[in-house]
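Below you'll find the structure, written out as structure tokens, and then a few comments.
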Amino acid sequence: MRVSSILRELLVLEYIERQLYRRRRELKQQLAAAGVRFVEREDTELDTMIRYVERGWERQAVYMRPMLDAEAEGRLRRAGVGRR
């Protein structure tokens, strides 16, 4: 790969990084506006468990790690930055 191509890809990735940061901030603001408060997060090889409080009720969500990874990998591929 030519140096100019590598530099261009680096600049594109920096743009994507800024957009991801902006989107993450928006999602956190939406949760805060809905009154959601995180209690605990536990990551294992198989899943991610999140305990949170919503409208005074403690709730729990469990997401399977392989499915999250596959979804993220698909989004990266569509953006042109997935594994090669």
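The values are calculated or read from the model by the stated rules, or taken from the named source; none is laboratory data. Just so you know, these numbers come straight off a predicted model, no measurement behind them. Quick reminder, even Gly has a Cβ in these numbers, built from the backbone with ideal geometry, and neighbours come from all protein chains shown.
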*Only one of (1) under 25 Å from Arg75 (Cα atoms); (2) surrounded by 10 or more Cβ atoms within 10 Å (Cβ to Cβ) fails for Tyr52. Which number is that?*
(1)
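Residue by residue, here is whether (1) among the hydrophobic types (A, V, I, L, M, F, W, C); (2) surrounded by 10 or more Cβ atoms within 10 Å (Cβ to Cβ); (3) in the same structural domain as Arg51 (by TED's automatic domain parsing) holds:
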{"site": "Arg2", "(1), (2), (3)": "no, no, no"}
{"site": "Arg8", "(1), (2), (3)": "no, yes, no"}
{"site": "Val12", "(1), (2), (3)": "yes, yes, no"}
{"site": "Gln19", "(1), (2), (3)": "no, yes, no"}
{"site": "Arg23", "(1), (2), (3)": "no, yes, no"}
{"site": "Lys28", "(1), (2), (3)": "no, yes, no"}
*Which members of the range 53-84 meet the condition of being of a type in the set (Phe, Trp, Tyr) and either within 28 Å of Ile16 (Cβ to Cβ) or in the same structural domain as Leu20 (by TED's automatic domain parsing) (or both)?*
Tyr63
*Residues that are under 20 Å from Leu68 (Cβ atoms) and part of a loop (DSSP other than H, G, I, E, B), drawn from the range 23-41*: Val36
*Any idea how many residues of the range 42-80 are closer than 28 Å to Leu13 by Cα, assigned to a strand (DSSP E or B) and of a type outside the set (Asp, Glu)?*
3
